[in-house]
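*Asks:* Have a look at this one.
Coordinate-derived values only; no laboratory data. Remember, predicted model here, so these are calculated numbers, not experimental data. Cβ: placed from backbone, ideal geometry, glycine included. Neighbour counts: every protein chain shown.
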Amino acid sequence: MQRLEQIEVKLAAARARLILEQPFIGALVMHLPLIPAQGSWCETTATDARALYFNPRFVAKLDLRQTQFVLAHEALHCALGHFARRVHRMKRRWDVACDYAVNMLVARSQNSSAASAIWIISLSGILCPSCTVTEAASLRAVCSASS
Ligand SMILES: [Zn+2]
């Protein structure tokens, strides 16, 4: 098990590589403080458009490229306004639709093979491990596994 400091170094390295390889997405990620999630509410990563929360045990299992993928994924949820645009739509369907859109964008922007995107998708058993789009009104991150 990696220590929190090692995981934070990995996150910082992934963020730096995003800035170098994908400056737009990297700039988006730079605006999200990286905060270790306390408790069990977040099994993977999450965002409330104010910060990016991560489960250290989850990030410990990722390689650098996969870490870049989840950071970009969360940043694009924020950039695309997924919190504010759900309105009356069913939350679960909206989250799934947003994950499809975000994962395709991230995979294309990283020139990732479909295999890496599928890896991310299959981790959760649903779509993506990092999707935890929150209610805009509450601005409180909630884990999709607990909602
Ligand atoms: Zn997501």
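*Asks:* From the phi of every residue in the stretch 75-82, what ³J(HN,Hα) in whole Hz does the Karplus formula 6.51 cos²θ - 1.76 cosθ + 1.60 yield, where θ is phi - 60° and glycine or proline is x?
*Replies:* Once θ is set to phi - 60°, the couplings for the stretch 75-82 become 5, 5, 4, 5, 5, 8, x, 4 Hz.
*Asks:* Just going by the charge dipole of the stretch 4-123, with Lys and Arg at +1 and Asp and Glu at -1 on Cβ, which of Phe54, Val29, Cys78 is farthest out on the positive end?
*Replies:* The Cα lying farthest towards the positive end belongs to Cys78.
*Asks:* When Lys and Arg each count +1 and Asp and Glu each count -1, what net charge do the other residues less than 13 Å away from Asp63, Cβ to Cβ, add up to? Walk me through the intermediate numbers first.
*Replies:* Values: positive: Lys10, Arg17, Lys61, Arg65; negative: none.
Net local charge, Asp63 excluded: +4.
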